[in-house]
Amino acid sequence: MNRLWRSRKVLWLAVLLAFAMIAAACGDSDDSAETTAAPTTAATETTAAPETTAAPETTAAPETTTTADPGKQYGGEAVVADDQEPPTLNWAVPGGDNAIVSLIGQSYWAGVQEIDGFTLDLIPELVTELPTVANGGAVVNEDGTLTVNYQIKDEAVWSDGTPISGDDFQFTYETIMDPDLATTKTTYEDIVSTEPGPKTFSYTLAQPTALYELLFGSLIPKHAVEGSDFATDWNETMWPSAGPFVFDTWQKGEFIKVVRNDNYWKTDAETGDQLPYLDSVVFRFIPETESIINAFKAREVDVIQPPPATETIEALQALEAEGAVVEVLSGPVWEHLNFQFGPRRLERNELSSNENLNYRKGVAHTINKDLIVDEILAGQVEPLDGFLNTTQPSIATDAWAQYDYNVEGAIEYFEAAKAELGVDELYTVFSTTSNNDARVKLSELFVNMFGDVGVNYENQLEDSQLFFGETLETGLWDLGEWAWLGSPGTPGSLQNYDLFDDLNPDEGGQNYYRWGTSDSVVIDESSVRFAEIRDALNASVDPDVLTPLMQEGEQIIADQVVIIPLYARLVTAAVWGDEIGGHKHNPTQAAHTWNIEDWYRVDL
Amino acid sequence: MFAYIIRRLVYGIVTLFALSLVVFVLIQFSGGSPLDRLRLNPRMQPVIAQLTEQWGLDRPWYEQYFVWLKNFITPIDVAPQEGLTIVMFGKLGIWSWVAVAAFLGAAAYTVGAFFATAKANWWRTFRAFSIIGVWVAAFWIIKSRIVFALNWGTSFRGDGPVWDNIFGAAGNTFRLGLTALAIALIIGIPLGIYQAIRQYSFFDQMGTMLSFITFSTPIFIIGVMLQLILAFYLERWTGVKIFYVVGMTGSGYEELGRGLFGLPSLAQLGDVIQHLTLPALSIAAISMAGYSRFQRASMLEVMHSDYLRTAKAKGLPRRSIIVKHALRNALIPIVTLVSLDIAFMIGGAIITESIFGWPGVGRLYIGAISAIDYPTIMAVVMAIGAGVVLMNIIADILYGVLDPRVRYD
């Protein structure tokens, strides 16, 4: 018996040893999944600082946890949660275009411009002022080219103390233009000459275009990146920072941590204090919205930007009494209803009436946007009456306001359409993605709306992979609905006009509507005039020329009811106001980290 | 037996080949493209064209399949890693897998040997030394960290080599899965046995009811409820942070300091437990309910068998009847259940990992599916497939160990 017992004791010990060793060995965090910031190399001769800069001295970091200003304390950490994890840290490689990459990148990237979260205007970041025709920074030359001049701020340095110079602009340009690098080269490819200086950079574009305003949004440090394999070496670590923080750790699947950039060159505009206030920021990745909310409730995270479902917003607003600050804004993604004018619409709906303007106007009056916003967005924002509202509200004219919800008016238009088409009944087939709750809800609302005006209506929803992968591009729909991602400012507005490029309905272009294209059922004076406007918009940088043209172009799209803007998707951010100060949500793609250098712990 | 194993392995390879073909074709014909995400950005058309060519998406599907298959089984050069840590799953290579297999084999052998009837002293001594020998060998293999990798391609999402991603996540998945399995086995099996012994008692009825409730509750609900009760409200009630809602470790894990020989310190161990408990409990709750029901049924079947009635008639002690005669036979069906659970563990607990922000294979898989990242999808599917094939073979072998009536022809 004793021998058996001893034997069993040995065996039990072995069992316990087995489990203990497996548990200890599995998934230990001290492995290759964790990466740390790459060591930086010394500055090159060409990037030597001007004598006046003396960057490291003038930008010496304050001691942590010392008082900066009453109410703004140095030190502490903020934890930001997001449902996405960046696939890469490099914005210029596949996957780098994900929103989360730039959301985190704003803590260590810097470029010519940034988006002010209060005014939504582009403001200068690394340069003393944004070049315009008025200030002489953008000059239309006699030969029709456009020269743009940047004056780099004297105090701007990389986190290793190397001054930011024109060579970095030049290197950024050359990197982007590398034919092997799969990144968008739009507008950069039109640069015909460059001229880097120690604290200046100039380039000339082949023709004037307002898109120059978006160039060099994030610089690459030549002294640190030159000689590396750009496409592979910077996916899991980051080059020296030009922003308020430097990359510290990426625990794959869990979090990215950035820590204070002791050489950050920016100061608080109000107090003159050195920025940033926080010692570190942790970006934690939580795929499930429910878990993001629970982690926020449990104060495991301080700042969140969850997908803006109405129930999520309501759950967050219920926490306002406990100190949460919740911001709900109209975001950059705008949903719109649209008509297909190409031949394949008839495969979806052989009785399609999209070619008839009265039918389209009838549809515009059929749509009850207020109800849509109430049902889908819980009435948190106003419906959309124009696409300029999403990019440049200051010049928006609410071009679609003419189409109020009006059942009688809609019926009149439909009767006129029937008479013109010689038909007794009208048929509409609606297609959008079936795995988007808001769009499914929209399709359900349409059933009643179209029923009220006596139009035969059918929903034919598809999985997003099929819809975006095939249906959209081939024009195989009658009445469709999807969203575009907008960006603020003139360049963002111009992007909308290119969507109706009459020469680009196929691969390489995005006139999925096929309005005014060679295979369109509608080619008329309006589409011809719109094409002229679009060409003119792409050939000017003068706001006095651009603004009226953009307004006229939008009015044509509205009058012809090519599309019907519905609403901009909500963007939500919540922060524990009793923990983090200085937070201001930004409804553009810059999102809530646009002023991360201004955040500070309230509770220190 | 050797011939049997070889035969099963050959069948397994054919099965995996068929699996890869079917899944690849399904992905190809399910519509959509990994580049669809870029299409709604009006300025990305040239990039789409470039990536289409670079990734070979413009080729016919069968060409893409053969390129994938060739790469999938082609080794690539990886620099050997230095260091004598007991961390297994970094750049996990074939030898690390051998180590895993050795661990699992040793663990299974240890459990099996525990229940085996010892007939001679020499056999007991041999058994004890062989167990220690297996552990020493496994430990040596882990320490040597010989690295090997196959060319499983690069993720279309942009997050690097698939091999690294899969095995980077596999360790995390095993940490969660093995803990959950241990909890489920340690509680579920004794629970089932006790219920069978006390059939129709109050405890049995309560156990049955709770098992049905747990089993029929979606894991999402269980996970979120655990988050709210044990992470959120418990902290409010006690003022002490005991468990965390999300994550595998805190962001300050490394600052907690390492223990002796680079092993996790007590503080780090505490941090791990605080993060691990809720997701492990979520998975364990459902498995536990399943194991207890299965064990109860199996135990009842055995307890009503003729040979047990004979044992009772011979006047053997009740404890001896249950432990020596009933339990050994009642455990046999559980082997299949557990081995399949281990196989599917490789694929990760998709929902649980998403709820608790656990960086495992399941979460990787979900992300890959939504991005149509077929190099990653294929790799995960093949890993699960290989796991199922392998664990089935192991289960069959264990049957023979546990049940002398089983013969391999």
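The values are calculated or read from the model by the stated rules, or taken from the named source; none is laboratory data. This is a predicted model, so every value here is computed, not measured. Quick reminder, even Gly has a Cβ in these numbers, built from the backbone with ideal geometry, and neighbours come from all protein chains shown. These accessible areas exclude ligands, DNA and RNA; they are computed on the full protein's heavy atoms, side chains included. Shrake-Rupley method; radii C 1.70, N 1.55, O 1.52, S 1.80 Å.
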**Study point:** Residue under evaluation A:Asn261, criteria (1) over 22 Å from A:Val101 (Cα atoms); (2) in contact (Cβ under 8 Å) with a residue 60 or more places away in the chain, criterion not met
**Key:** (1)
Point to revise | A:Asp121 modelled with pLDDT under 90, touching a strand residue (DSSP E or B) at 6+ places or on another chain (Cβ under 9 Å) and either assigned by TED's automatic domain parsing to the domain that holds A:Asp248 or more than 18 Å from A:Leu485 (Cβ to Cβ) (or both) | key: yes
Study note, to complete from the structure: Residues of segment B:322-378 being of a type in the set (S, T, N, Q) and either under 26 Å from B:Gly188 (Cβ atoms) or surrounded by fewer than 21 Cβ atoms within 10 Å (Cβ to Cβ) (or both), in sequence order, are B:Asn329, B:Thr336, B:Ser339, B:Thr352, B:Ser354, B:Ser370
Exercise for review: Please specify each residue of segment A:430-459 satisfying the condition of being farther than 15 Å from A:Ala364 by Cα and either of a type in the set (A, V, I, L, M) or not assigned by TED's automatic domain parsing to the domain that holds A:Arg360 (or both).
Suggested key: A:Ala438, A:Val440
Review point. What do you reckon, is A:Glu142 of a type in the set (D, E, K, R) and touching a strand residue (DSSP E or B) at 6+ places or on another chain (Cβ under 6 Å)?
Key: no
Revision key, fill the gap. Note on segment B:241-276: residues among the hydrophobic types (A, V, I, L, M, F, W, C) and more than 8 Å from chain A (Cβ to nearest Cβ) are B:Ile242, B:Phe243, B:Leu256, B:Leu260, B:Phe261, B:Leu266, B:Ala267, B:Leu269, B:Val272, B:Ile273, B:Leu276
Check your understanding: Does segment A:145-172 hold any residues that are of a type in the set (Phe, Trp, Tyr), touching a Phe, Trp or Tyr at 6+ places or on another chain (Cβ under 7 Å) and either surrounded by fewer than 19 Cβ atoms within 10 Å (Cβ to Cβ) or not in a helix (DSSP H, G or I) (or both), and which are they?
Key -> A:Tyr150
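Output yes when any residue across segment A:533-552 is farther than 28 Å from A:Ala134 by Cα, in the same structural domain as A:Gly480 (by TED's automatic domain parsing) and touching a helix residue (DSSP H, G or I) at 6+ places or on another chain (Cβ under 9 Å), and no when none is.
Taking segment A:533-552 as the starting set, the residues that turn out to be farther than 28 Å from A:Ala134 by Cα are none.
No, segment A:533-552 contains no residue that is farther than 28 Å from A:Ala134 by Cα, in the same structural domain as A:Gly480 (by TED's automatic domain parsing) and touching a helix residue (DSSP H, G or I) at 6+ places or on another chain (Cβ under 9 Å).
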Check your understanding: Before we move on, is A:Leu346 over 30 Å from A:Thr588 (Cβ atoms) and either open to solvent by 30 Å² or more (accessible area, probe 1.4 Å) or not assigned by TED's automatic domain parsing to the domain that holds A:Trp482 (or both)?
Key -> yes
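Would you mention how many residues in segment A:73-115 are in a loop (DSSP other than H, G, I, E, B) and either farther than 14 Å from A:His592 by Cβ or open to solvent by 30 Å² or more (accessible area, probe 1.4 Å) (or both)?
Count: 25.
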Exercise for review: Using the structure shown, decide if A:Asn435 is over 18 Å from A:Tyr567 (Cα atoms) and modelled with pLDDT of 95 or more.
Suggested key: no
Exercise for review: Those residues that are of a type outside the set (A, V, I, L, M), open to solvent by 40 Å² or more (accessible area, probe 1.4 Å) and more than 9 Å from chain A (Cβ to nearest Cβ), I need them from segment B:215-232; list them, please.
Suggested key: B:Phe215, B:Ser216, B:Pro218
Exercise for review: Just need a number here: residues in segment A:309-338 that are within 21 Å of A:Arg284 (Cβ to Cβ) and crowded, with 22+ Cβ neighbours inside 10 Å.
Suggested key: 1
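It is to be established whether one or more residues within segment B:42-50 are facing chain A (nearest Cβ under 8 Å), modelled with pLDDT under 70 and open to solvent by 40 Å² or more (accessible area, probe 1.4 Å). Even if it seems obvious, please write down each step before you answer.
Taking segment B:42-50 and keeping what is facing chain A (nearest Cβ under 8 Å), we get B:42-47, B:49-50.
With modelled with pLDDT under 70 added as a condition, the list becomes B:42-43.
Next, from what is left, pick out any that are open to solvent by 40 Å² or more (accessible area, probe 1.4 Å): B:43.
Yes, some residue in segment B:42-50 is facing chain A (nearest Cβ under 8 Å), modelled with pLDDT under 70 and open to solvent by 40 Å² or more (accessible area, probe 1.4 Å).
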Revision key, fill the gap. Given (1) open to solvent by 40 Å² or more (accessible area, probe 1.4 Å); (2) hydroxyl-bearing (Ser, Thr, Tyr); (3) at positive phi, A:Thr194 misses just (3)
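Condition check ((1) at pLDDT 90 or above; (2) more than 14 Å from every other protein chain (Cβ to nearest Cβ)) across all residues:
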position	(1), (2)
B:Arg175	no, no
B:Leu185	yes, no
B:Leu191	yes, yes
B:Gln195	yes, yes
B:Leu210	yes, yes
Check your understanding: Which of the residues spanning segment A:185-225 are assigned to a loop (DSSP other than H, G, I, E, B) and either without any contact (Cβ under 8 Å) to a residue 60 or more places away in the chain or of a type in the set (A, V, I, L, M, F, W, C) (or both)?
Key -> A:Lys185, A:Thr186, A:Thr187, A:Gly197, A:Ala206, A:Leu215, A:Phe216, A:Leu219, A:Ile220
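Just a yes or no: is a residue in segment B:157-164 among the basic types (Lys, Arg) and surrounded by 18 or more Cβ atoms within 10 Å (Cβ to Cβ)?
Yes, segment B:157-164 contains a residue that is among the basic types (Lys, Arg) and surrounded by 18 or more Cβ atoms within 10 Å (Cβ to Cβ).
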Point to revise | Test result for A:Gly480, modelled with pLDDT of 90 or more and either farther than 30 Å from A:Asp116 by Cα or in a loop (DSSP other than H, G, I, E, B) (or both) | key: yes
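Before we move on, is A:Glu300 within 19 Å of A:Ala78 (Cβ to Cβ), part of a loop (DSSP other than H, G, I, E, B) and either within 14 Å of chain B (Cβ to nearest Cβ) or touching a residue at least 40 places away in the same chain (Cβ under 8 Å) (or both)? Quick ask: steps written out before the conclusion?
Numbers: within 19 Å of A:Ala78 (Cβ to Cβ): yes; part of a loop (DSSP other than H, G, I, E, B): yes; either within 14 Å of chain B (Cβ to nearest Cβ) or touching a residue at least 40 places away in the same chain (Cβ under 8 Å) (or both): yes.
Criteria met by A:Glu300.
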Check your understanding: So which helices (runs of 4 or more DSSP H) stay within segment A:326-445 end to end and still have 1 or more residues that are under 21 Å from the mean Cα position of the chain (by Cα)?
Key -> A:369-377, A:388-391
Exercise for review: Within segment A:486-524, track down each residue that is open to solvent by 50 Å² or more (accessible area, probe 1.4 Å) and either facing another protein chain (nearest Cβ under 10 Å) or at pLDDT 95 or above (or both).
Suggested key: A:Asn504, A:Glu507
Review point. Looking only at segment A:260-282, which residues are surrounded by fewer than 20 Cβ atoms within 10 Å (Cβ to Cβ) and not charged (D, E, K, R)?
Key: A:Thr267, A:Ala269, A:Thr271, A:Gly272
